[in-house]
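Student: Have a look at the structure that comes next, please.
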Amino acid sequence: MPKSTAATSVVGATVSSLPLAEGPPSEGPPRHRWWILAVIGVAQLMVVLDSTIVNIALPSAQQDLGFSDGDRQWIVTAYALAFGSLLLLGGRIADLFGRKMTFLVGLVGFAGASAVGGAAGSFEMLVGARAVQGLFGALLAPAALSLLTTTFTDAKERAKAFGVYGAIAGAGGAIGLLLGGVLTEHLDWRWTLYVNIAFAAVAFAGGAVLLRRSTRDKTAKIDIPGAILVSAGLFCLVYGFSNAETHDWSSAATWGFLAAGAALLAAFTWWQTRSPHPLLPLRVLLDRNRGASFISVLLLGAGMFGVFLFLTYYLQQTLSYTPIETGLAFLPMIAALMIASTIATTVLVPRIGPKPIVPLGMGLAAAGMAWLTGLNLNSGYAADIMPPLVVAGLGLGLVMAPAMALATEGVRAEDAGVASAAVNTMQQVGGSLGTALLNTLSTSAVTNYLEGRNPKDPGVVAQAGLEGYSTAYWWSAAFFAVGLVVSAVLYRRGVPVAEPNGARVVHM
């Protein structure tokens, strides 16, 4: 086991001995690293947008395959369960068996499962294909992020790369809404799955040519008990939140799965302190900036659904936007997010550090969500919808890219995959929590509003919908407010600077 990180204070600076993640010491950075960034970006976009592109197609798929409203959520949940529960195992596989090979296998498997899902002739076939998508996504996502971490070792270049990556991660959901609308309206719902084949083919061709094959440590072993504990724990946690979305929070099954998940994850943490080959070395989590980043990504994932999910319903059901118009409505937010991500990682964080930037982003996101609570049945896009979307987009950008970069900064090269998987796991669990909690609160608000009113009156029903959306926006704002406090308290002061000897110096 490598020695644990030691920190010492030296004349107004804190020096951490943990080296920056890097490739083989005998080799310089890849000559085609910016093309590698493009390849990784395509793969990440495919994984991220898949979570929303299918949502747009669900009504058409349901009509075509004839499954019930109660079964509809399994199209989304099957993917989330496999993806969320296997991410840490996928990250460790990338570390032990090579990131390039894991990346390419993940692409081929994801594309194959997408092809099967697009050709599905039954509900069961579609659900199975979505689960297999999640399995290969759990290989692909951490391999992509760890490749980014080990490809860009220069501080300035790494900041730019993570600015692009963070923008893709944040905007992919909205791009999925737009692309899903276009494909569903002009082709067929099946093309929301078939389109992944094109993404995967481009990424595979680029990855096969450009990526370096890393040396495999043949003495390393996978922590099988740890893999079982964490996969089962995350499965129970994600399933518990998903169950709460379709049942009541008072359901014994919901709390049973959540309690089992918490117990299994506690057992996993205990086991990691004793395993000779830990699946998730605790040194990855114990750095203060990384811990703050993991929590920030968790809360960001939970709060973002207040934007994508409920605003989509509002635009389509209340204002009668088409799927394409709905996707276009999110474009200003995407632009703001990309600009903020780039500025945060290339200008702001390198100069003043993450402590003021991430809390500022959380505050802007909270303000944008609070602003959205004022929408009504006659709100206009330019005056009422676009301004809070832009504010929220700026906030998301200031959080997303810095948090993802700092969550993997300073990790040893052999831990890059599992650190990347931990980030994706936080985002997935946060998204599951947000979907379940916000949907339950929104539904309760609608039910409470309809009490004593005529549920057949279209005006009453429309107003009830607004009450549900407003409740979701307020709670989403609350997630971001908690993120503001947590990030302001946990992030270190100062700017991490890469020194020639590989140490990280934080100037105070």
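The values are calculated or read from the model by the stated rules, or taken from the named source; none is laboratory data. Model, not experiment: these values are computed from the prediction. Here the Cβ is made from the backbone with ideal geometry for all residues, glycine too, and neighbour counts use every protein chain on show. We work out accessible area using only protein heavy atoms, side chains counted, and drop any ligands, DNA or RNA first. Shrake-Rupley method; radii C 1.70, N 1.55, O 1.52, S 1.80 Å.
Student: Kindly report the accessible area of region 369-412 per residue (heavy atoms of protein chains, probe 1.4 Å, no ligands, DNA or RNA), in Å².
Tutor: Roughly 28 Å² per residue, with all protein chains present.
Student: Let me ask another. How big is the charge dipole of region 333-491 about its Cα centre, in debye rounded to the nearest 20, if each Lys and Arg gets +1 on its Cβ and each Asp and Glu gets -1 on its Cβ?
Tutor: Approximately 180 debye in magnitude.
Student: Given H placed on each backbone N at 1.01 Å, which residues far from TYR321 in sequence or on other chains put an amide H within less than 5 Å of it?
Tutor: The list, which skips near neighbours in sequence, is GLN316.
Student: Classify region 416-498 as rounded, prolate or oblate, taking a ≥ b ≥ c as the square roots of the eigenvalues of its Cα gyration tensor: rounded when a/c is under 1.5, otherwise prolate if a/b is larger than b/c and oblate if not.
Tutor: Cα axes put region 416-498 in the prolate bin.
Student: So, one more: Roughly speaking, to the nearest percent, how much of region 61-138's 1.4 Å accessible area is carbon and sulfur?
Tutor: After summing per-atom areas, the C and S share lands at 65 percent.
Student: Quick one: pull the percent of accessible area on region 249-311 belonging to carbon and sulfur, 1.4 Å probe, ligands and nucleic acids left out.
Tutor: The value for region 249-311 is 77 percent carbon and sulfur by accessible area.
Student: Between VAL202 and ALA267, what FRET efficiency comes out of the Förster formula 1/(1 + (r/R0)^6) with R0 = 41 Å and r the beta carbon distance, rounded to 0.05?
Tutor: E(calc), rounded to 0.05, equals 0.50.
Student: Moving to a separate point now. In Å², and per residue, what accessible area does region 247-332 have when probed at 1.4 Å with the other protein chains present?
Tutor: Per residue, region 247-332 has 42 Å² of solvent-accessible surface.
Student: Quantify, in whole percent, the carbon and sulfur part of the accessible surface of region 333-375 (1.4 Å probe; protein heavy atoms only).
Tutor: That fraction is 76 percent.
Student: Could you derive backbone 3J(HN,Hα) for region 313-327 from the dihedral phi with the Karplus parameters 6.51, -1.76 and 1.60 (θ = phi - 60°), listing whole Hz in sequence and x where the residue is Gly or Pro?
Tutor: So the J values, rounded to whole Hz, are 4, 4, 5, 7, 8, 8, 9, 6, 6, 7, x, 5, 4, 5, x.
Student: With all protein chains present, calculate the accessible area of ILE222 using a 1.4 Å probe and round the result to the nearest 10 Å².
Tutor: Number for this one is 50 Å².
Student: Which whole-Hz ³J(HN,Hα) couplings does region 428-443 yield from phi under the Karplus relation 6.51 cos²θ - 1.76 cosθ + 1.60, θ = phi - 60°, glycine and proline marked x?
Tutor: Listing the rounded values in order: 5, 5, x, x, 5, 4, x, 4, 5, 5, 5, 5, 5, 5, 5, 4 Hz.
Student: When the solvent-accessible surface of protein heavy atoms is calculated with a 1.4 angstrom probe, in what order do HIS186, HIS247 fall, highest first?
Tutor: HIS186, HIS247
Student: Assign one of three labels to region 188-332, namely rounded, prolate or oblate, based on the Cα gyration tensor with a ≥ b ≥ c the square roots of its eigenvalues; rounded applies when a/c is under 1.5, prolate when it is not and a/b is larger than b/c, and oblate otherwise.
Tutor: oblate
Student: Sorted by accessible area with a 1.4 angstrom probe, largest first, how do ILE343, ILE385 fall?
Tutor: The most accessible residue leads, giving ILE343, ILE385.
Student: Which trypsin sites (Lys or Arg not before Pro) in region 228-335 pass both tests, a DSSP loop state and at most 12 other beta-carbon atoms within 10 Å?
Tutor: The qualifying sites are ARG274.
Student: Provide the gained length on full extension for the span SER320 to TRP34, in nm with one decimal, where the gain is 0.36 nm per separating residue minus the Cα-Cα distance.
Tutor: 98.8 nm
Student: Please give the length that would be gained between ARG493 and LYS456 if that part of the chain were fully extended, namely 0.36 nm times their separation in residues minus their C-alpha to C-alpha distance (nm, one decimal).
Tutor: Between ARG493 and LYS456, full extension yields 7.7 nm more.
Student: On to the next question. So for the pair ILE224, GLU124, with labels modelled 7 Å out along Cα→Cβ, what separation do we get in nm?
Tutor: Spacing of the two 7 Å Cα→Cβ label points: 3.1 nm.
Student: Using a Förster radius of 51 Å, what is the FRET efficiency between ALA115 and HIS247 based on their Cβ-Cβ separation? Nearest 0.05, please.
Tutor: 0.95
Student: Follow-up question, since we're still on this one. Tell me, what are the semi-axes, in whole angstrom and largest first, of the equivalent ellipsoid of region 332-450 as set by the roots of 5 times the Cα gyration tensor eigenvalues?
Tutor: Each semi-axis is the square root of five times an eigenvalue, giving 31, 21, 10 Å.
Student: Using a 1.4 angstrom probe on the protein heavy atoms only, line up SER122, SER420 by accessible area, largest first.
Tutor: Output order, biggest surface exposure first: SER122, SER420.
Student: ARG212 to HIS277: FRET efficiency via 1/(1 + (r/R0)^6), r the Cβ-Cβ distance, R0 35 Å, to the nearest 0.05?
Tutor: For ARG212 and HIS277, the calculated efficiency is 0.90.
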